[in-house]
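Undergrad: Mind having a look at this structure? Questions to follow.
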Amino acid sequence: MNLVCKPKLRGILLSDRFTSVHGVIQWMTMFTWLTMLTFTDAYYIIYLLLGIAGFVCRVSMNTDKRKIFARSERANVIMAAVFSFLVLIANYHMFKRMVTEIIEQVHDDPEKVYNLNSHASLISALFAVCLSPLLFLGGLYCAYFILTFLTHKIDSFSYTTFARRYSERRVFLFVFTLTSAFHLLILALIFYPGIITYDSINQITQCMENSYSNAHPVFHTMIVRLFLSIGIRFFQDINLGCALYSIFSVLLTSAAFAYAVATLYKIRADKRIILAAALYYLLFPNHILYSFTMWKDVPFSTCVLLFTVAVFRHFKRICKRKVLNNVLIVISSLGICLLRGNGLIVYFIILLSIIVLFRKKFKRLAISFACILAASLIAFFPVMRMLDIEQSDTVELSSMAIQQIAKTLYDGNELTDEQRELISRLADIEKIKERYSPIISDPLKNLIRNTGNKDYLAQNKLRYALMYFQIGLAHPLPYFEAWVDQTRGYWNAGYNYKVFRYNLYDNPYGIERNVSPNLMTSLFFRYLDFWQFFELAKPFHSIGLFTWLTVLVAYLGYRKKDKLTVFLTIPCLSIIFTLMIGTPVFADNCYAYALFCCLPFLIALPLKRPEEVSES
């Protein structure tokens, strides 16, 4: 029977009548997708650009109908379906508003169902139910046509050949000097001694009181302490100590950026790509501001970029001095492991990936990664325990679980007496409802730390874990909604949440910004306003878009059977994975800053398999 049906189905799908009808469905659903997403609270410009790209790819792609049966197209369909589903659930609030309206009206007065307004609400709810499949198909078609166009045309995108007039070293020095000089100029004229936030003051306090905690990685705190000590001991000026750290940070980021650009030049990447990457590192506001911000996220992300480029050079044997390249791999690996709380998980995933993708081909490198991970684990746990350095508390590690339980309470769901009693031991349930925010867990974490019993949570982890799963099984929808609200900034179109931060936090140590406002200050803040409020500039600081593009690089590498390209995306994708299971903020650029550092380098790799370059 199946043997008979399959040829008939194939004939129907290849018929001109079905093709015409299917074409109308494609255009209609894609238009519906773009129209309804105007109600999104995310950056609509990104959906609009993707929709336009989908329409253009649909028109320009080869319309050979037989290709729909090719195995290669199945992967495109699956990727497009995942993308469309994520966009749909990230915007679930649109549908919830429609359905909630009728439920509230009917609940208040059942007789209102006969009124005109109630009929309108009923139609809205019905429309919401019918709209979901249309939106899903519209997003699927947009993504599918883009993926199909790229996978079919990827081999025709080649680097323009050009004669290398300058040495790689000369390119590195030029980019490094220009970037560091410009960023240092902004620091000196506008932001001296640097950008010092609440977290920065916390680390400075640890240094001043000589009492350390790993809530902020203690290895980064030690770097801060080094420069503060120089400023205080030799110049009796804590501001100078902060400025020295800022200078160090600028030089470190500029060196990493120059290293990436010089490597693109070395493999003869397209001149337009090289120029775009250099200008992006030089002029993008987040790169400027973060370069002198006292955050662990900045050196951590810099290490991710150094690791990505150094491993690429190792695999392609691009290095006149192999020792230097190996040293960079080791230093950047240690930076990944030690400079952020999720670094060990990220590096563990990197280790697993090199074993799975390359098996025994790069056995020595895998062993080196394993040794670095083991050394980092020793430094994080036994050594810190010996030095009596406190680790991150259980409250911090439970950010997502706290948000999901709070969402369940906020929605008014019933819990058992035992569950309510356990929650009450941590904080007052009514205060939990009052302070719950769907986009940030800090209000609830601070509530538990300041007024609750965080030690009881640490002593009864298994009991609270069991309660967490019991509540989740009884009320899965609030858990799912809380997860979406808490993470969607990292996998959906961007959100206007603290795009730029440049203040110096109040402190008792005399650290202050004593730079007088000048013409440069006015021009730079206008420049920031342009990047934040001009619609076409918003995609450049959308975390979700950068995540999608990184996934696209990995997918194109997979389609080209280029394991190296796939592997080089693993560090950035691992960071996003850790944020999806435990982020404290729903869309903070600093947590995903590594993507903004690495993507200009990664995006050049699948366009053409770069030739192996070696220097004698």
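The values are calculated or read from the model by the stated rules, or taken from the named source; none is laboratory data. Owing to the predicted nature of the structure, the values given are computational and were not obtained by experimental measurement. Cβ sites come from the backbone with ideal geometry, for glycine too, and all protein chains shown count toward neighbours. Note: areas computed on protein heavy atoms with side chains; ligands, DNA, RNA excluded. Shrake-Rupley method; radii C 1.70, N 1.55, O 1.52, S 1.80 Å.
Undergrad: Hey, for a label at residue 235 modelled as a point 7 Å past Cα toward Cβ, could you say which residues of region 184-204 have their backbone N under 13 Å away?
TA: Residues 188, 192-194 qualify, since their backbone N sits under 13 Å from the label point.
Undergrad: How high is the relative contact order of region 397-461, in percent, with contacts defined as C-alpha pairs under 8 Å that are six or more residues apart?
TA: Relative contact order for region 397-461 comes out at 39 percent.
Undergrad: Right, another one. Please state the equivalent ellipsoid semi-axes for the chain: what are the square roots of 5 times the Cα gyration tensor eigenvalues, largest first, in whole Å?
TA: Square roots of five times the eigenvalues give 41, 36, 24 Å.
Undergrad: For a Förster distance of 41 Å, can you work out the FRET efficiency between the beta-carbons of residue 522 and residue 154, rounded to the nearest 0.05?
TA: Between residue 522 and residue 154 the formula returns 0.35.
Undergrad: Figure the gain on full extension for residue 558 and residue 480 (residue separation times 0.36 nm, minus the Cα-Cα span) and round it to one decimal in nm.
TA: Roughly 25.0 nm would be gained on extension.
Undergrad: So, one more: Given a 1.4 angstrom probe, I'd like the percentage of the accessible area of the chain that is carbon and sulfur, rounded to a whole number.
TA: So the carbon and sulfur contribution to the accessible surface is 64 percent.
Undergrad: Same structure again: Probe of 1.4 angstrom, ligands and nucleic acids ignored: what's the accessible area per residue over the chain, in square angstrom?
TA: 49
Undergrad: Quick one: grab the alpha carbon gyration tensor of region 360-412, order the square roots of its eigenvalues as a ≥ b ≥ c, and give me rounded if a/c is under 1.5, else prolate or oblate depending on whether a/b is larger than b/c.
TA: Judged from the Cα gyration tensor, region 360-412 comes out oblate (a/c at least 1.5, b/c at or above a/b).
Undergrad: Which value, in debye to the nearest 20, describes the size of the charge dipole of the chain about its Cα centre when Lys and Arg Cβ atoms bear +1, Asp and Glu Cβ atoms bear -1, and nothing else is charged?
TA: Here the size comes out at about 3800 debye.
Undergrad: In terms of modelled amide H atoms, which long-range or inter-chain residues lie less than 5 Å from the amide H of residue 390?
TA: When sequence neighbours closer than 5 places are left aside, the close amide H contacts are 214.
Undergrad: Just report the Cα centroid separation between region 211-241 and region 434-484, whole Å.
TA: First find each Cα centre; the distance between them is then 34 Å.
Undergrad: Could you calculate the contour length gain from residue 360 to residue 449, that is, 0.36 nm times the residue separation minus the distance between their Cα atoms, to one decimal place in nm?
TA: Taking 0.36 nm per residue and subtracting the Cα distance, the gain is 27.2 nm.
Undergrad: Given 25 °C and 0.890 mPa s, compute D for region 224-323 with the Stokes-Einstein relation, Rh being the Kirkwood radius over Cα pairs; round to the nearest whole µm²/s.
TA: Estimated diffusion coefficient is 163 µm²/s.
Undergrad: How do 394-401, 467-474 rank on mean C-beta neighbours within 10 Å, highest first?
TA: Order by mean packing, descending: 394-401, 467-474.
Undergrad: What is the set of long-range amide H partners of residue 293 at a cut-off below 5 Å, with H atoms built 1.01 Å from backbone N?
TA: 195
Undergrad: Rank-order 515-525, 276-286, 136-146 by packing density, defined as the average count of other C-beta atoms within 10 Å over each peptide's residues, highest first.
TA: So the peptides 515-525, 276-286, 136-146, ranked by packing, come out 136-146, 276-286, 515-525.
Undergrad: Which order do peptides 208-215, 574-581 fall in by mean Cβ count within 10 Å, highest first?
TA: 574-581, 208-215
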